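Worksheet for the structure shown next.
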Amino acid sequence: MKKNLIFIGMPASGKSTIGIVAAKRLGYRFIDTDLMIQEQEGKLLREIIQERGTAGFLEVEDQVNASVQAERTVIAPGGSVVYCENAMRHYQEIGIIVYLHVPYTEIETRIQNARSRGVVLRDGQTLRDLYDERCRLFEQYADIRINEDGLSMGETVEKVLAIFGDIRGEGRE
């Protein structure tokens, strides 16, 4: 049985925040793979992107995410992980992939400057273009889709835990 929870979604969708709370509630470990990348490379994400370009960053992201060894862990990879085939195949094998869907207007409000945040944008690509492109990939890889529209962080966590409990056979009678 898959015993890990992997959150995917746009930057600022709450993957890390919701992941930490869900991990505490489940008694699981928590891993933020963006922090693993920064630790491995000794640089901020935006510095890696500036130095290596988008393709170079994605190679590092794929390698780091595909090498995650975990059990009973909530994992929050960066939003661009859906471009990393090895990583996504690995996550499909070791866990349940939860897509935290946030409407574009909310993402736009939460992300003030995408590039300074370390968001992987190709030259000429807008945040809207990125959102539309990634949403299709998030849907493709997700085992579960949680629509966060109108939900508080606490309500989102409750929804995730209820669905995860049902999948693990711990549903409420």
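The values are calculated or read from the model by the stated rules, or taken from the named source; none is laboratory data. This is a predicted model, so every value here is computed, not measured. Please note: Cβ atoms are built from the backbone with ideal geometry, for glycine as well, and neighbour counts cover all protein chains shown. Note: areas computed on protein heavy atoms with side chains; ligands, DNA, RNA excluded. Shrake-Rupley method; radii C 1.70, N 1.55, O 1.52, S 1.80 Å.
The table below gives the values:
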item: Qualifying residue in the stretch 82-93 (condition: at pLDDT below 90 and within 18 Å of the chain's Cα centre (by Cα)); result: no
item: Members of the stretch 14-36 that are over 23 Å from Thr109 (Cβ atoms), small (Gly, Ala, Ser) and buried (at least 18 other Cβ atoms within 10 Å of the Cβ); result: Ala22, Ala23
item: Residue match in the stretch 139-152 (condition: modelled with pLDDT of 95 or more, open to solvent by 30 Å² or more (accessible area, probe 1.4 Å), out of contact with any strand residue (DSSP E or B) (no Cβ under 6 Å at 6 or more places or on another chain) and not aromatic (Phe, Trp, Tyr)); result: yes
item: All positions within the stretch 83-103 that are open to solvent by 10 Å² or more (accessible area, probe 1.4 Å) and over 30 Å from Gly150 (Cβ atoms); result: Glu85, Asn86, Arg89, His90, Glu93, Ile94
item: Residue satisfying condition, being among the basic types (Lys, Arg), closer than 21 Å to Arg110 by Cβ and part of a helix (DSSP H, G or I), within set Arg46, Arg52; result: Arg46
item: Members of the stretch 83-92 found to be without any contact (Cβ under 8 Å) to a residue 40 or more places away in the chain and outside any loop (DSSP other than H, G, I, E, B), listed by number; result: Glu85, Asn86, Ala87, Arg89, His90
item: Subset of the stretch 121-138 [of a type outside the set (Asp, Glu), out of contact with any Leu (no Cβ under 7 Å at 6 or more places or on another chain) and at pLDDT below 90]; result: Arg122, Gly124, Gln125, Thr126, Leu127
item: Total residues in the stretch 50-60, condition farther than 11 Å from Gly78 by Cβ and either buried (at least 18 other Cβ atoms within 10 Å of the Cβ) or in contact (Cβ under 8 Å) with a residue 40 or more places away in the chain (or both); result: 1
item: Top-ranked residue in the stretch 37-47 [being of a type outside the set (Gly, Ala, Ser) and at pLDDT 95 or above; ranked as most open to solvent (accessible area, probe 1.4 Å)]; result: Glu39
item: Output for the stretch 61-82, where each listed residue is surrounded by fewer than 19 Cβ atoms within 10 Å (Cβ to Cβ) and in a helix (DSSP H, G or I); result: Gln63, Ala66
item: Candidates Ala12, Ala55, filtered to the one that is over 22 Å from Ala142 (Cα atoms), modelled with pLDDT under 95 and out of contact with any Phe, Trp or Tyr (no Cβ under 9 Å at 6 or more places or on another chain); result: Ala55
item: Flag for Gln125 being over 25 Å from Ala23 (Cα atoms) and either open to solvent by 40 Å² or more (accessible area, probe 1.4 Å) or in contact with a helix residue (DSSP H, G or I) (Cβ under 9 Å, 6 or more places away or on another chain) (or both); result: yes
